[in-house]
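For reference, the structure is listed below as structure tokens.
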Amino acid sequence: MAAVLGRVAELPALLALSRSALVRHWDAPALDRALEWARYFQHVHDRFRARPQLREALGRRLRRAQPCSPPLGFSALGRCPELLGLALLENRALPPAACRRLLRRLLLPPGAGAGPEPRGLALLARRKAAARLLALPRRPGGTEPRVRAEAQLLLGRLREEEAQEGARRPRWLCGVLERLPPPRAFAVVAAALALLGQGGGAEGAGDGDRDGSGPDGNRASAAGDGCIAGLLLSWLLGNRERFSAFCLCLPGSLLASLAGHYSQLSRSYLDLLTGWGSHLHYDPLQGRWVKSCLEKAELSWEELRERFSCLCQGSALLREQTQAALKLLKTPDGDFQVRGLSVWTDLLMEVEE
């Protein structure tokens with residue numbers, strides 16, 4: 001038992017080493033030895049977890065071995081392969097060859113298929129490998145695939161939780177999205193909503209087919225995706241300043257596409273455009289519509305016209321809704337067919353040309 005206690009005391013040093021720059025010198029044998037030690041610690045956990053006195057002794061030995069950091073407990077022994085894999089995948093000093101070998105070992109560990117460990121390690125490897133890939137510097141023209149991949153990761157996590165816990169909003173969702181820089185968070189949410197809309201998992205989901213085990217499976221999948229879309233829309237529309245920033249950040253063509261899939265978003269988007277348009281006034285000296293307050297983050301006439309034009313280039317229903325809204329707005333201004341009297345008249349004339 002003394003030998004086991006001595007070896008267990010080395011766990012903090014192993015994890016500290018895996019986070020250090022020293023791993024740049026690791027070759028395949030060194031990586032394999034580290035993984036073998038991780039599995040040894042897991043074996044110790046499985047062997048002694050039902051023996052309270054020995055479990056407590058191992059926990060005390062671990063705590064004494066790391067007095068200056070948040071102490072690892074006995075349960076850390078059982079999670080050692082995951083802890084080591086996580087530390088190494090997040091360590092940019094790990095050589096590419098060792099990283100590839102690590103991914104192979106995590107995805108196909110010895111004895112794969114027996115017990116829960118392979119599944120947990122495979123899930124860890126997929127997520128952290130994706131995070132490592134997505135953390136690479138952005139290149140011109142390469143943002144769309146990255147955003148799409150991030151959106152797919154977000155949807156995958158939400159689908160897992162929806163299957164387990166139903167339609168409740170996960171507590172981590174708001175925190176994750178709000179920790180991201182706003183442009184990136186908005187792009188990811190927009191891409192996720194677009195993917196759900198293309199797959200038929202949003203409003204009007206019955207119009208498309210989805211892969212599944214049959215009609216019931218398709219309906220269940222569509223309903224689940226509809227719940228996920230509702231969670232994302234709730235986060236987006238629940239704060240007016242956030243939604244305003246979202247619409248200012250993204251191109252009109254993308255927003256029009258989303259509005260065509262989600263009626264709740266289209267209504268809020270039209271209301272927002274209406275508010276922005278109401279702050280424009282006609283300058284007879286320039287012969288054009290200008291912002292009434294340059295300090296406010298509002299759209300110019302040209303930008304507003306482009307947004308309404310995109311909406312009218314969407315589905316027939318979206319076009320009819322947009323034109324009906326403009327006609328309703330121009331009526332209080334006198335309903336004249338003369339340019340320069342009402343911003344809504346001018347917008348309607350532009351989109352109907």
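The values are calculated or read from the model by the stated rules, or taken from the named source; none is laboratory data. Computed from a predicted structure; not experimentally measured. Here Cβ is always computed from backbone atoms with ideal geometry, including for glycine, and neighbour counts include all displayed protein chains. For accessibility, only protein heavy atoms count, side chains too; no ligands or nucleic acids. Shrake-Rupley method; radii C 1.70, N 1.55, O 1.52, S 1.80 Å.
How much FRET efficiency would the formula 1/(1 + (r/R0)^6) give for A2 and S234, where r is the Cβ-Cβ distance and R0 is 45 Å, rounded to 0.05?
Calculated transfer efficiency: 0.20.
Once a ≥ b ≥ c are taken as the square roots of the eigenvalues of the Cα gyration tensor of the range 285-353, is the result rounded (a/c under 1.5), prolate (a/b larger than b/c) or oblate (a/b not larger than b/c)?
oblate
Between S253 and R64, what is the spin-label point distance in nm, taking each point 7 Å from the Cα along the Cα→C-beta axis?
Computed distance between label sites S253 and R64 equals 6.8 nm.
At 7 Å along Cα-to-Cβ for each site, give me the label-to-label distance between R148 and M349 in nm.
Roughly 4.2 nm, to one decimal.
Plugging the Kirkwood radius over Cα pairs into Stokes-Einstein for the range 1-98, at a temperature of 37 °C and a viscosity of 0.692 mPa s, what D comes out in µm²/s?
It comes out at roughly 237 µm²/s.
In whole Hz, with x marking every Gly and Pro, tabulate ³J(HN,Hα) for the range 23-36 from phi via Karplus 6.51 cos²θ - 1.76 cosθ + 1.60, θ = phi - 60°.
5, 5, 9, 6, 10, 4, x, 5, 5, 4, 5, 5, 5, 5
Can you tell me which of 52-60, 229-237 comes out highest on packing, and rank the rest after it, using the mean Cβ neighbours within 10 Å?
229-237, 52-60
Along the range 314-326, what does the Karplus equation 6.51 cos²θ - 1.76 cosθ + 1.60 (θ = phi - 60°) give for ³J(HN,Hα), rounded to whole Hz, x for Gly and Pro?
Couplings: x, 5, 4, 5, 5, 4, 4, 5, 5, 5, 4, 5, 5 Hz.
Can you give the extra length, in nm with one decimal, that the chain gains between R339 and D46 once fully stretched, where that is 0.36 nm per residue apart less the Cα-Cα distance?
97.5 nm
If I take R0 = 30 Å and measure r between the Cβ atoms of S263 and K291 in this structure, what FRET efficiency does the formula 1/(1 + (r/R0)^6) give, to the nearest 0.05?
Plugging the Cβ-Cβ distance into 1/(1 + (r/R0)^6) gives 0.50.
Given a 1.4 angstrom probe, I'd like the percentage of the accessible area of the range 244-328 that is carbon and sulfur, rounded to a whole number.
Using a 1.4 Å probe with all protein chains present, the range 244-328 comes out at 55 percent carbon and sulfur.
Could you derive backbone 3J(HN,Hα) for the range 238-253 from the dihedral phi with the Karplus parameters 6.51, -1.76 and 1.60 (θ = phi - 60°), listing whole Hz in sequence and x where the residue is Gly or Pro?
Rounded to whole hertz, the list is x, 9, 5, 5, 5, 5, 4, 5, 4, 6, 6, 7, 9, x, x, 5.
Could you calculate the FRET efficiency of L180 with A13 from 1/(1 + (r/R0)^6), where r is the beta carbon distance between them and R0 is 22 Å, rounded to 0.05?
0.05
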